[in-house]
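To start, the structure itself, in structure tokens.
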Amino acid sequence: MPLPMTFPQTGRLGQWLIGVALIALITLVGCSEPPAPDQPQNALTTPQVTPPTSDLPDQRIVEVDSTAPTSTLVVEHATLVLTGGKIATVDPELGNQQAIALKGHRIVAVGSNEEISTYIGPTTQVINLSGRTVIPGFIEGHGHYLSLGRARQILDLSTAKNWGDVVGQVAVAVDKAQPGEWIFGRGWHQEKWNSAAEDTNSGTDEIIDGVPANDSLNAVSQNNPVYLGHASGHAAYANDAALAAAGINKDTPNPAGGTIVHKANGLPSGLLRENAQDAVENAIVIYDKRLSPEEKLATLREQSDLAAREALRHGVTSFHDAGASFETIDFFKSLEDQNALPIRLYVMVRGESNEQMAKLLPKYRMLAGDNDFLTVRSIKRQIDGALGAHGAWLLEPYVDMPSTPGLVLEPVEDIARTAELALEHGYQVNTHAIGTRANRETLDLYERVWNQAAAKEAEPDAPVTTQPGKDLRWRIEHAQHIHPDDVPRFGALGVIAAMQGVHCTSDGPWIASRLGEERTKVTSYPWRTLIETGAIIGNGTDVPVEPIDAIASFYSTVTRMTNTGEAFYPEHVMTRDEALASYTLNNAYAAFEEQHKGSLTPGKLADLVVLSQDILTVPDEQLKNTMVDYTLVGGEIKYARSGAN
């Protein structure tokens with residue numbers, strides 16, 4: 001394999017390698033004199049590179065043509081070259097270049113058009129960028145992979161403009177269904193409807209907490225259970241048939257961490273918040289037992305294929321899957337073994353008891369290797385719910401629901417035990433925390449567990465330190481609303497803020513209705529102060545909560561512009577370079593994979609995206625027009641936009 005080359009820097013290692021190559025050439029051709037002063041010097045120079053780590057292939061081999069002039073360093077031809085554009089490497093030592101050469105699944109060189117032309121051989125595929133921009137493949141920093149595929153199999157309620165639209169879609173689905181068949185959908189969000197719930201149901205449904213009861217839903221689906229997930233995933237509508245299947249009635253108590261909303265007459269309204277959804281979902285598990293093992297596997301394969309297709313279309317080459325059971329991980333492993341995973345997955349263990357994890361974590365730990373498509377080395381926990389469903393755990397009560405500060409979905413002490421297991425077995429902990437209290441409790445928990453572990457290992461008089469956090473790279477997923485006192489703790493502790501830019505602009509117009517203006521201003525999405533105090537921020541979409549549109553989330557990150565035309569506290573925007581790093585190199589770091597991906601550095605995986613325009617320079621108002629022309633994973637073109645050159 002050829003030496004990875006960059007231009008125009010020549011470091012000590014590069015100088016040493018050139019010396020070795022020249023000595024080899026001199027030995028091969030029997031030359032005992034240096035080249036004449038006017039003889040052309042090497043057109044290529046070698047980079048400042050770190051010697052390969054043990055899990056990367058050795059890149060220090062060059063092919064030498066003994067018939068060539070002794071002053072020319074000959075390189076092996078690339079399998080693919082992209083030239084004539086802007087290569088945004090996201091590597092501060094390399095900056096922006098004009099062309100890039102790939103060999104197999106790795107990058108071998110970046111540089112000028114002329115320099116990279118030496119890598120073009122008779123079998124090299126060449127893409128003329130015609131001024132387009134190449135960036136590292138987007139890494140979805142927090143999403144739900146199979147849920148993305150499932151969202152393409154059921155009713156898409158994300159475009160519903162009001163409650164009437166939701167009921168209308170269900171009515172159409174019922175007309176096509178058999179009696180007793182369940183109807184599923186997801187994506188509705190009452191705060192995004194074009195008019196208040198009171199104005200969209202013709203007075204037929206009672207309104208509770210700003211959301212209609214399920215009466216009109218029952219009218220169109222008397223013989224079919226209906227279950228419709230909120231866009232956030234933290235609430236759902238169920239019609240009476242679905243509630244009956246779950247055993248929920250007017251006397252059913254609220255479960256821990258959940259709320260069954262009731263109408264004035266005491267009957268369930270159909271709205272289930274947070275853990276109250278579990279009873280219906282358990283009924284769905286029973287319903288799904290009608291499927292044969294082959295049918296279940298086919299459904300999962302379709303979900304994976306649909307998810308990958310959607311991801312690749314948006315330039316996503318790696319995906320942090322925020323929660324999979326051991327059984328689902330087995331399914332992913334089978335796909336990887338069959339070369340049937342089109343994008344790379346970084347999977348968080350989810351939904352397993354501490355007892356099960358104590359037994360099985362060692363077996364399921366899978367670290368990133370050469371051209372791997374499945375990594376498992378993290379655990380997902382969830383301390384609170386979502387702000388929209390009044391489930392985020394706050395330091396103070398909601399302004400529009402003063403009776404509650406939110407919900408605790410999983411006991412803190414149970415999460416603490418998970419953290420101890422993670423330390424024991426070499427796993428990262430990634431805890432969902434949205435509200436101010438949830439973020440503080442999670443930071444406290446991490447610090448406490450680290451201190452306890454350090455104290456056990458230290459000598460009796462040794463000081464306790466929290467420095468292990470920087471090596472462990474534990475994360476807080478979402479990190480949306482943070483008290484100012486807790487913001488600098490992220491950087492100090494080495495806790496990664498795994499946020500989603502698009503959540504800020506999607507939720508921005510209604511956050512103050514939950515928190516009030518002042519609390520919103522000082523706690524919500526404080527990206528700039530997180531960065532200034534040393535925190536690393538990852539980015540993503542939380543798909544299918546939001547579409548897996550990396551360009552849209554990038555736009556949100558650099559503008560904080562909401563659909564109302566107003567920017568949500570724009571003093572916290574990221575720069576274009578910061579935003580691109582948050583979606584590439586930072587997410588690679590958050591998965592311990594920065595040596596493999598996240599920048600277009602020679603030696604790294606050839607995961608990259610060709611964009612129709614330069615997202616680092618075009619005006620804000622043009623960013624949303626950016627199209628993904630090509631998506632490459634491991635040097636292979638996995639997506640090509642119809643009409644792209």
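The values are calculated or read from the model by the stated rules, or taken from the named source; none is laboratory data. Just so we're clear, the structure is a prediction, and the values are computed from it rather than from any experiment. In this analysis, Cβ positions are derived from the backbone assuming ideal geometry, glycine residues included, and neighbour counts consider all displayed protein chains. For accessibility, only protein heavy atoms count, side chains too; no ligands or nucleic acids. Shrake-Rupley method; radii C 1.70, N 1.55, O 1.52, S 1.80 Å.
Data table
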read-out: Unit charges at the beta carbon, dipole of the chain: most positive-side option, THR418, GLY603, PHE326; value: GLY603
read-out: Charged-residue dipole, Cβ positions (Lys, Arg, Asp, Glu), segment 129-196 about Cα centre, Debye nearest 20; value: 200
read-out: Point-to-point label distance, LYS161-ASP251, nm (Cα→Cβ direction, 7 Å offset); value: 4.5
read-out: Dipole axis of the chain (+1 Lys, Arg; -1 Asp, Glu on Cβ), positive-most option in ILE637, SER403, ALA479; value: ILE637
read-out: Förster-model FRET efficiency, 35 Å R0, ARG417 and VAL285, C-beta, rounded to 0.05; value: 0.85
read-out: Gain on full stretching of the segment that runs from ALA219 to ALA264 - 0.36 nm per residue minus C-alpha separation; value: 14.3 nm
read-out: Amide N of segment 610-639 lying under 16 Å from the label point, which is placed 7 angstrom from the Cα of SER130 along Cα→Cβ; value: 610-614, 627-630
read-out: Beta bridge orientation in the chain: antiparallel %, DSSP, nearest 5; value: 50
read-out: Ranked packing of 166-178, 427-439, most packed first, by mean Cβ within 10 Å; value: 427-439, 166-178
read-out: Estimated FRET transfer efficiency (VAL618, GLU93; beta-carbon r; R0 25 Å; 0.05); value: 0.50
read-out: Options THR79, GLY501, ALA160, ranked by Cα towards positive dipole end of the chain, top entry (Cβ charges); value: THR79
read-out: Sorted peptide list for 259-265, 508-514, criterion being average Cβ within 10 angstrom, highest first; value: 508-514, 259-265
read-out: Per residue accessible area of the chain, 1.4 Å probe, in Å²; value: 41
read-out: Charge dipole (debye, nearest 20) of the chain; +1 at Cβ of Lys and Arg, -1 at Cβ of Asp and Glu; value: 600
read-out: Directionally averaged shadow of the chain, computed from the convex hull of its alpha-carbon atoms, nm²; value: 33.4
read-out: Relative packing of peptides 442-452, 492-502, 592-602 - highest average C-beta neighbours within 10 Å first; value: 492-502, 592-602, 442-452
read-out: Protein accessible area in the chain, 1.4 Å probe - carbon and sulfur %; value: 51
read-out: Where labels lie 7 Å past Cα in the beta-carbon direction, separation of ASP485 and ASN113 in nm; value: 6.0
read-out: Estimated dipole of segment 337-428 in Debye, rounded to 20 [Cβ of Lys and Arg +1, of Asp and Glu -1, Cα centre]; value: 320
read-out: Between segment 224-265 and segment 291-352, the Cα center-to-center distance that results, in Å; value: 29
